[in-house]
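The structure appears right after this line, and notes come after that.
The values are calculated or read from the model by the stated rules, or taken from the named source; none is laboratory data. Everything quoted here is computed from the prediction, not taken from an experiment. Please note: Cβ atoms are built from the backbone with ideal geometry, for glycine as well, and neighbour counts cover all protein chains shown. Calculation scope for accessible area: heavy atoms of the full protein, side chains included, ligands and nucleic acids excluded. Shrake-Rupley method; radii C 1.70, N 1.55, O 1.52, S 1.80 Å.
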Amino acid sequence: MQRVCEKLKTHWGYETFRPLQREAMQCALSRQDCVVVLPTGGGKSLCYQAPATVLPGLSVVVSPLISLMKDQVDALVDYGIPAARLDSSQPREEQSAIQQEVAAGRLKLLYVSPERLVTPGFRQLLDHTELAMIAVDEAHCVSMWGHDFRPEYRQLGLLRKLYPEVGIHAFTATATEQVRHDIAEQLHLRKPAMLVGSFDRPNLVYRVHRRTNWVQQICNELEKHPSESGIVYCIRRADVESLCEQLSQRGYRVAPYHAGMTPEQRKRNQDAFINEQVDTIVATVAFGMGIDKSNVRYVVHAAMPKSLEHYQQESGRAGRDSLEADCTLLYSGGDFGLWKSMLRDMPEEAYDAAVAKLNEMYNFCTSAVCRRHSILNHFGQQPAEENCQACDVCLDELDVLDDALVTAQKILSNVVRVDQRFGAEHNALVLVGSKEKRIAQYGHDKLSTYGLLSHFNKNAVRDWIEQLAGQGYIERVGEYQTLAVTNAGWRVLRGEETPRLLRPAETKGKKARTDRASAESWEGVDRGLFEHLRELRRELAAEHGLPAYIVFGDAALRDMARRRPTNLTNFLEVSGVGQKKCEQYGEAMTAAIAEYCATNDIVTDIAAPAVAVQPPNIPVARVATRATQSAAFEKACRLFAEERPIEEVARLIERAVSTTHQYLAQFLADDGRSTPVPWVDAKTFAHVEAALEEMPDGRLKPLFDHLEGEISYDTLRLCAACFGNRDM
Ligand code: ADP
Ligand code: ZN
């Protein structure tokens, strides 16, 4: 184990284990069969890769997809570990060259497909090789109960007999107990250790919105992540295409991906995404399996997925590097109907089960319960904390309505008054007292419920209707999806039951709170330097013919922008930098850091604690960093209240000027200030204000361009924070 730790430091540049990694590695070292269940991004690959570097002989890794194997092997080689893959896509000469490497005992890790592993030729090769272990990646593929059964995985059941001496270790992110046991059984594992981690992904921030203007809503998400990677999922190909077109018209770098495209087109777009030539991939769920890209910063569902399992899996593609990432889901009642019609051809029993899953999903969307709680409960686990601080419910972005009962009664009685013969839109229009002709045509302007909710806008009422449907008080009937009151709904009308209704938070004067995940992972990071290094990473990656995230993960890059090392000794202290990375890229990175910091007058070579990569599920550590974060922020706020200059505050709170700017923007917004003077001079603010009048959606990039780059982003951010606080 001692040697494994050394390797972890010298090759990978890591000093600590993630939960269960140590236990899994111990199994590998002692040849004890095991099933390891960790969520995406939990660090499964290291569990076998690190022991493989110290065990004598060759470790064989079974993996279902060529793209996954390629990624892993590229990454290992870049860490300086002798690894290769054997698959049918390689030319014959390449295959025999690798076989020779194996025979000569020069490799530590070999990735193969399941078909390959059981062929006589390959068995012969292994018979003459010392085997260290067999690792089965994506092991749920062996189980019929999993979501991704692959018949060729079944042959792996032979392994236990063929190689009685070695340990077999199975890895999966699939949660259910049934699948877990099936894996052990199908692989004939010997008294396997079951290592099951928490499914919580603390770095993912979950938000759910009802879909109103989807293109605008999706743009808002993209705006939060300029030039960062993300995925937008749609249900249908046609939606993929139309959305893609509209987004590229607005200047976003996007590419489509769906099953109707040729394999070549798909491959081209996937590569463009991986190599960061496009930022956003707009896709059907056909996209994702086999994508190991670690720095996906957002996953947007343009429509509701068909089950919570799918949601967990698809949203889980964000933030594999453990840094904060946004998972935003847009839904509407229509999605439910669309899925239902797509499932229609299923056999009856399967259909009922699928509709039950749809119902669960819809309830998730419309409920006001912590999103993380809902997901974990679904998988039979308990969250560590009551308030997760990283979902729209816990961040208080949604308010629970105080008089939910009365409001629900108004809506339900309206449904009854229109004889349960109209859809959600019409009901909402009546309730807000719309002057539209069709309302009067039906005489609905004469109803006692007409205009009962006229002090709300139609969208709010539509939201409540969805929420009531989600909680089973209203159902949709027939082809026209007319609303009807259910038995439970009648209980509400009689006042025997109270539904829960949400009100979208007032946006004016109340700025969104920073979620826990980003507060932590950006702590102490100089954002300008981070962006600068990201650019350099892109160049280095192109030079070496590797995806950018394999050269350095975002976590390593942030730690560089936090510690700002200008020499190789300090560079090696960065989390995620091992010897080989240091040799390959150290010179270029440290030189760029030194130059940038000199130009921008930023302190270098800080011995910062590595807070970047928070091991998931260790609440104690989390609380500690949160406390320091808020301490610095609170101190900054006291100094801002005395109107001290930014540079001075930065020095006093020992944070980068860029971080201090963010604190100030937050302070201005929270404090309800309508002017950023004295930090921005009045003339500049007036200038920006005039521009903001023209483009009030608060997007910084267009504003920056509109002002022809004359005013820095930092200043724009301060102005925008105050603009939101003005009395209108
Ligand atoms: P999984 O296969 O479980 O989805 P990975 O093995 O791809 O997860 O790991 C996810 C990310 O976490 C990778 O960027 C990896 O380098 C990083 N990582 C894994 N283990 C550690 C560790 N002990 N310390 C820091 N980072 C780690
Ligand atoms: Zn929550």
Q: Identify, among T569, P305, I653, the residue whose Cα sits farthest towards the positive end of the charge dipole of the chain, taking +1 on the Cβ of Lys and Arg and -1 on the Cβ of Asp and Glu, with the dipole about the Cα centre.
A: P305
(Q) Between E496 and Q265, what is the label-point separation in nm under the 7 Å Cα-to-beta-carbon projection? (A) 5.6 nm
Q: Arrange the peptides 667-674, 165-172 so that the one whose residues have, on average, the most other Cβ atoms within 10 Å appears first.
A: 165-172, 667-674
Q) Just going by the charge dipole of the chain, with Lys and Arg at +1 and Asp and Glu at -1 on Cβ, which of C719, F379, L501 is farthest out on the positive end? A) F379
Q) Taking amide hydrogens as modeled 1.01 Å from N in the peptide plane, which residues meet the under 5 Å criterion relative to V196, leaving out close sequence neighbours? A) V37
**Q.** When each of K340/K458; K357/K446; K357/K437 is checked by Cα-Cα distance, pairs over 29 Å
**A.** K357/K446; K357/K437
**Q.** Cα-based shape type of region 192-349, given that a ≥ b ≥ c are square roots of the gyration tensor eigenvalues and the cut on a/c is 1.5
**A.** rounded
Q) How much of the accessible area of region 392-457, probe 1.4 Å, is carbon plus sulfur, in whole percent? A) 48 percent
Q) Between rounded, prolate and oblate, where does the chain land on the alpha carbon gyration tensor, with a ≥ b ≥ c its root eigenvalues, rounded for a/c under 1.5, else prolate if a/b exceeds b/c? A) oblate
Q) Which of L664, V205, P64 sits farthest toward the positive end of the charge dipole of the chain, with +1 on the Cβ of Lys and Arg and -1 on the Cβ of Asp and Glu? A) P64
Q.
Assuming 0.36 nm per residue, please report the length gained on full extension of the stretch R673 to D148 beyond their Cα-Cα distance.
A. 183.7 nm
Q. Shape of region 82-237 from its Cα gyration tensor (a ≥ b ≥ c, root eigenvalues): rounded if a/c is under 1.5, otherwise prolate when a/b > b/c, or oblate?
A. prolate
Q: May I ask for the angle, rounded to the nearest 10°, between helix 458-470 and the longest principal axis of the chain, with both axes built from Cα atoms and the value confined to 0 to 90°?
A: 60 degrees
Q: Sort V432, V142, V677 by accessible area with a 1.4 Å probe, largest first.
A: V677, V432, V142
Q: Output the peptides 332-342, 201-211, 68-78 sorted from most to least packed, where packing is the average of other Cβ atoms within 10 Å over each peptide's residues.
A: 201-211, 68-78, 332-342
**Q.** Heavy atoms of I66: accessible area, 1.4 Å probe, square angstrom to 10
**A.** 60 Å²
Q: Taking 7 Å along the Cα-to-C-beta vector as the label spot, tell me the R22-N220 distance in nanometres, rounded to one decimal.
A: 4.5 nm
Q | About the Cα centre, charge dipole magnitude for region 667-728 (Lys/Arg +1, Asp/Glu -1 at Cβ), debye | A | 100 debye
**Q.** Over 23 Å (Cα to Cα) - which of K410/K435; K9/K191; K224/K635; K44/K293; K267/K580 fall in this group
**A.** K9/K191; K224/K635; K267/K580
Q.
Order 713-720, 357-364 from most to least packed using the mean count of other Cβ atoms within 10 Å.
A. 713-720, 357-364
Q: Could you give the size of the charge dipole of the chain about its Cα centre, using +1 on the Cβ of each K and R and -1 on the Cβ of each D and E, expressed in debye and rounded to the nearest 20?
A: 1240 debye
Q. What dipole magnitude, in Debye to the nearest 20, does region 377-442 give about its Cα centre under +1 on Lys/Arg Cβ and -1 on Asp/Glu Cβ?
A. 820 debye
Q) Once fully extended, how much extra length lies between E531 and L700, figured as 0.36 nm per residue of separation less the alpha-carbon to alpha-carbon distance? A) 59.2 nm
Q | Principal-axis tilt of helix 92-103 within the chain, Cα atoms, nearest 10 degrees | A | 60 degrees
Q) Going by alpha carbons, how many degrees (0 to 90, nearest 10) lie between the helix axis of 579-600 and the longest principal axis of the chain? A) 40 degrees
